[in-house]
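The values are calculated or read from the model by the stated rules, or taken from the named source; none is laboratory data. Just so you know, these numbers come straight off a predicted model, no measurement behind them. All Cβ positions, even for glycine, are placed from backbone atoms using ideal geometry, and neighbour counts span all protein chains on display. When the accessible area is computed, the model is the full protein with side chains, heavy atoms only, and any ligands, DNA or RNA have been set aside. Shrake-Rupley method; radii C 1.70, N 1.55, O 1.52, S 1.80 Å.
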Amino acid sequence: MILILLAVLILILLVRTLMFKPLKEEERDEVHVEFDGDEAINNLQKLVQCKTVSYYDSSLEDDDEFNKLIDLLPGLYPMVFEKLELKKFANNRALLFHWPGKNQGEAAVYMAHYDVVPVEEDLWTKPAFEGLIENGVMYGRGTLDTKLTFNGILCSCENLLRKGFVPENDIYFAFSGGEEVSGPGAKMIVDYFKENDIKLSMVLDEGGAVVEDVFPGVKGQCGLVGIAEKGLMNVEFKVKSNGGHASAPGPHTPIGILSRACQRVEDNPFKPHYDAPVLKMFDTLGRRSNFLYRMIFANLWLFKPVLNALCKKQGGELNALIRTTVAFTQMSGSKAPNVVPPVASMVANLRLNPADTVDSALKYLKEVVNDTSVEINVLDGENPSDISVTDNRGYHIVKEAIEDTWKGSVVSPYLMIQCSDSRNYSGFSDKVYRFSAMDVTSEERKTIHGNDERVRLETVKRAVEFFMRCMLNN
């Protein structure tokens, strides 16, 4: 009887795996675009030469550099400034362009930020703010994050305006000069939309990209579109003591107690949750995986424990997709090597799965540590974003533009594990998509917020292609 049941189970698994094939796509005409690629490259180079570095301590910022970039824009994109209305928010750092359409339907919003993170120039092998071009590559802070898309959006509009194009419905360009420090600009723009009862057909911000080797068993390019992003919280773990000389310590020092708490948290990761962004990604890319992984993704009802075990062991991006992650990043103790610290602390950075909240995550940490001598407090935090729909025109505009720009790529929803300004649209729009208009290698991805940030010149051009195709279909 057991052998019969086992045989039936194997047959079911095989049949479901064999049926788990890519869904047939409807044939459609490609949207062709023409533009001045050299102009797009030159414009991005000039933007990179502006040191628009954001700091949480705003006194460290160079206002002249921000003003320099803003003053450059009318010369770089003259038709945009002639035809579009511009409003400024957040001390003129946030820019909102309005491109009126033929109709009064729902409006599309294209987002980017032109501020950048600081650099350690001694660690760069190329100048960080010259926009140096060598061997078909432009180097500089912001080339990827996100002056590339800022330039791509404006160049697209500029070229379409030259051709006399008028969009079917209104389009807005929402740009922030303080995204890297969670500045107020994006929220103020969302408040403007709410106050003026502006309905949105889609919001497109930074996020996923066209990448390779990011999903098990799948070769070739995948265009990942974030339909939600994880929440964020920083948590402090603190232990107090009477201090004293290190020659006569108690059985457990504050740092020892914290170390035990750290180990308990790492040995007991958050439970996995398979929410809509992850399930849709598994359903889309799993169908294109090799036979073994197709079997797993076609039969998650049976293999979720196996997948969970693999993710827990390996960590990394796949693990981050299915659970709240905890990374211990800071620790402090005594100021002298021979003194038991009166206070020791450590900080963990959490990225919250859509099924978790700041409150539920804090509760879980306290249960796992299970030690009243360890104070656990939230330093700051934001809940995960809402999950956007994919069965609407906005998502398909993005999907088709990716497919036309990066031929042969497979477009899939996914859960973005970083944070972006688009989280401000939660509760206002369920059509928020996160895709950075670029194809990047694993090495190039590492330069985002890192050293020698760079972009291939062909990628600069493809960003313009992508946004032009989106706008033509809006």
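What to note about this one:
- Under the simplified labelling scheme, the Phe81-Met19 pair shows an inter-label distance of 6.1 nm, with each label point 7 Å from Cα along Cα→Cβ.
- Normalised per residue, the accessible area of the chain is 46 Å², obtained with a 1.4 Å probe and no contribution from ligands, DNA or RNA.
- Listed cross-link partners Lys102/Lys280; Lys126/Lys461; Lys163/Lys194; Lys147/Lys399; Lys230/Lys399 are compared with a 25 Å cut-off, the Cα-Cα value being larger for Lys102/Lys280; Lys163/Lys194.
- Placing dummy labels 7 Å off each Cα toward the beta-carbon, the span from Ile2 to Ile198 is 6.7 nm.
- Annotation note: trypsin sites (Lys or Arg not before Pro) in region 405-449 located in DSSP loop regions with a Cβ neighbour count of at most 14 within 10 Å are Lys407.
- Just so you know, the averaged projected area of the alpha carbon convex hull for region 167-312 sits at 16.4 nm².
- By the compact-protein rule of thumb, 2.2 N^0.38 Å, the alpha-carbon radius of gyration of region 51-120 corresponds to a ratio of 1.33.
- FRET efficiency for the Ala336 to Ser259 pair, using the beta carbon distance and R₀ = 30 Å, is estimated at 0.95.
- Amide H contacts of Ala94 (H built 1.01 Å from N, in plane; Pro and chain starts excluded): Phe89, Gly177 sit under 5 Å, all sequence-distant by 5 or more or on other chains.
- With only the Cα atoms considered, region 209-292 has a convex hull volume of 180 Å³ per residue.
- Extension gain (nm, one decimal) between Tyr55 and Leu318, 0.36 nm per residue minus Cα-Cα: 91.6 nm
- Note on exposure: Ser409, Ser182 ranked by accessible area (1.4 Å probe, complete protein assembly) read Ser182, Ser409, with the most exposed listed first.
- Ordered from longest to shortest, the equivalent ellipsoid semi-axes for region 6-72 are 54, 25, 8 Å, each the square root of 5 times a Cα gyration tensor eigenvalue.
- In Å, descending, principal axis extents of the Cα set of region 154-208: 37, 26, 20
- Estimated Rh, region 44-171: Kirkwood, alpha-carbon pairs, angstrom: 16.0
- Gyration tensor verdict on region 362-445 (Cα atoms; rounded if a/c is under 1.5, prolate if a/b is larger than b/c, oblate otherwise): prolate
- Surface accessible to a 1.4 Å probe, Asp62 within the full protein complex, Å²: 70
- Potential lengthening between Asp71 and Ile12 on full extension [0.36 nm per residue; Cα-Cα distance subtracted]: 14.8 nm
- Axial C-alpha extent at least 24 Å, average Kyte-Doolittle at least -1.0 - helices from the chain (DSSP): 2-19, 457-473
- With all pairs of separate Cα atoms included, region 420-470 yields a Kirkwood hydrodynamic radius of 13.1 Å.
- Residues with amide H under 5 Å from that of Asp439, placed H, sequence gap 5 or more: Val210
- When the trypsin sites (Lys or Arg not before Pro) in region 109-169 are filtered for DSSP coil states and for at most 16 other beta-carbon atoms within 10 Å of their beta-carbon, the remaining sites are Lys163.
- The gain in end-to-end length when the Glu266 to Asn103 segment is fully stretched comes to 53.2 nm, 0.36 nm per residue minus the alpha carbon separation.
- Computed on the Cα trace of region 36-82, the radius of gyration divided by the Kirkwood hydrodynamic radius gives Rg/Rh = 1.07.
- Dipole magnitude for the chain: about 1820 debye, using +1 per Lys or Arg Cβ and -1 per Asp or Glu Cβ, origin at the Cα centre.
- A cut-off of 5 Å between modelled amide H atoms, ignoring neighbours fewer than 5 places along the same chain, links Val343 with Ser241.
- Packing here is the average count of other Cβ atoms within 10 Å per residue, and on that basis the peptides 171-178, 456-463, highest first, run 171-178, 456-463.
- Packing, taken as the mean count of other beta carbons within 10 Å per residue, orders the peptides 17-25, 319-327, 258-266 from highest to lowest as 319-327, 258-266, 17-25.
- Bridges between two residues of region 94-178, per DSSP, are antiparallel at a rate of about 55%.
- Farthest towards the positive end of the charge dipole of region 19-126, among the residues Cys50, Val33, Gly105, is the Cα of Gly105, using unit charges on the Cβ of Lys, Arg, Asp and Glu.
- When both bridge partners sit in region 19-178, DSSP labels roughly 65% of those beta bridges antiparallel.
- Charges were assigned to the Cβ only: +1 to each Lys and Arg, -1 to each Asp and Glu. The resulting dipole of region 1-131 about its Cα centre is roughly 840 debye.
- log10 of Debye I(q)/I(0), alpha-carbon scatterers only, for region 261-301 at 0.15, 0.25, 0.28 Å⁻¹: -0.50, -0.79, -0.89
- Relative pair counts by distance (%), Cα atoms of the chain, 20 Å bins: 22, 51, 24, 4, 0
- Distance between modelled label sites at Asn370 and Ala309, nm, 7 Å Cα→Cβ extension: 2.3
- Phi angles across region 421-429 convert, under the Karplus curve 6.51 cos²θ - 1.76 cosθ + 1.60 with θ = phi - 60°, into 3J(HN,Hα) values of 5, 5, 4, 5, 8, 4, x, 10, 9 Hz, Gly and Pro given as x.
- Rg/Rh for region 259-394 (Cα atoms only, Rh after Kirkwood) is 1.08.
- Percentage, to the nearest whole number, of Cα pairs in region 112-178 over 13 Å apart: 71
- For region 152-171 versus region 286-335, the inter-centroid distance based on Cα atoms is 42 Å.
- Bridging of Lys313 to lysines at a Cα separation below 16 Å is possible for Lys271, Lys304, once same-chain residues fewer than 8 apart are set aside.
- Cα convex hull of region 176-228 - mean projected area over all directions, nm²: 5.4
- Among beta bridges from DSSP that stay inside the chain, the antiparallel ones total about 65%.
- Of the listed residues Val8, Val218, the order by accessible area with a 1.4 Å probe, largest first, is Val8, Val218.
- Across all directions, the average flat footprint of the convex hull enclosing the Cα atoms of region 1-45 is 7.2 nm².
- The His396 and His252 beta-carbon pair, evaluated with R₀ = 60 Å, returns a calculated FRET efficiency of approximately 0.55.
- Share of pairwise Cα separations in region 316-474, more than 22 Å, in percent: 60
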